[in-house]
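Student: Before anything else, here's the structure in question.
The values are calculated or read from the model by the stated rules, or taken from the named source; none is laboratory data. If you're wondering where the values come from, they're calculated on a predicted model, not measured in any experiment. Every residue, glycine as well, gets a Cβ built from its backbone with ideal geometry; the counts of neighbours run over all protein chains shown.
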Amino acid sequence: MSAMDGALQRLEAALDALESAVGQSAADSRQREQLESQLQAFGQDRARLSADLERACARAEDLEATNQEVSRRLERAAETIRTVLASQER
C-alpha cells in the first residue's frame, strides 16, 4: 500500500467520522427541539392546571360559606318550630 493509498483511506475515514458527527448533531438538534416543545407544553399545562385549581379552591370556599349559612338558617328554623310546638302544648 502506497503512502497515497494510506492517506486516502485516512481521509475517507475522517470524512465518514465527520459525516456521522454531523448526522448525530442534527439528530441531537431535533431531539432538543422536541424536548423544548414538550417543556413548553408542560409549562402551559401547569399554568392551566394552576388556574383550574385556584378556581376550584375558590368554589370550595364559596360552597363552605353557603353550607354554613344554610346550616345556621336550618338551626334557626328548627328552633322556631320547637318554640311554636312548645307554646301550643301549654
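Student: In region 1-24, how many are surrounded by fewer than 10 Cβ atoms within 10 Å (Cβ to Cβ) and among the polar types (S, T, N, Q)?
Tutor: Qualifying residue count, region 1-24: 1.
Student: Before we move on, is residue 48 surrounded by 10 or more Cβ atoms within 10 Å (Cβ to Cβ), of a type outside the set (A, V, I, L, M, F, W, C), part of a helix (DSSP H, G or I) and within 21 Å of the chain's Cα centre (by Cα)?
Tutor: For residue 48, the condition - surrounded by 10 or more Cβ atoms within 10 Å (Cβ to Cβ), of a type outside the set (A, V, I, L, M, F, W, C), part of a helix (DSSP H, G or I) and within 21 Å of the chain's Cα centre (by Cα) - is met.
Student: Kindly list the number of the only condition in (1) at pLDDT 95 or above; (2) exposed (fewer than 10 other Cβ atoms within 10 Å of the Cβ) that fails for residue 74.
Tutor: Only one criterion is unmet by residue 74, namely (2).
Student: Taking the stated definitions as given, is residue 28 surrounded by 10 or more Cβ atoms within 10 Å (Cβ to Cβ) and either aromatic (Phe, Trp, Tyr) or modelled with pLDDT of 95 or more (or both)?
Tutor: The answer is no for residue 28.
Student: Loosely packed, with under 10 Cβ neighbours inside 10 Å and either outside any helix (DSSP H, G or I) or not polar (S, T, N, Q) (or both): is that true of residue 86 in this structure?
Tutor: yes
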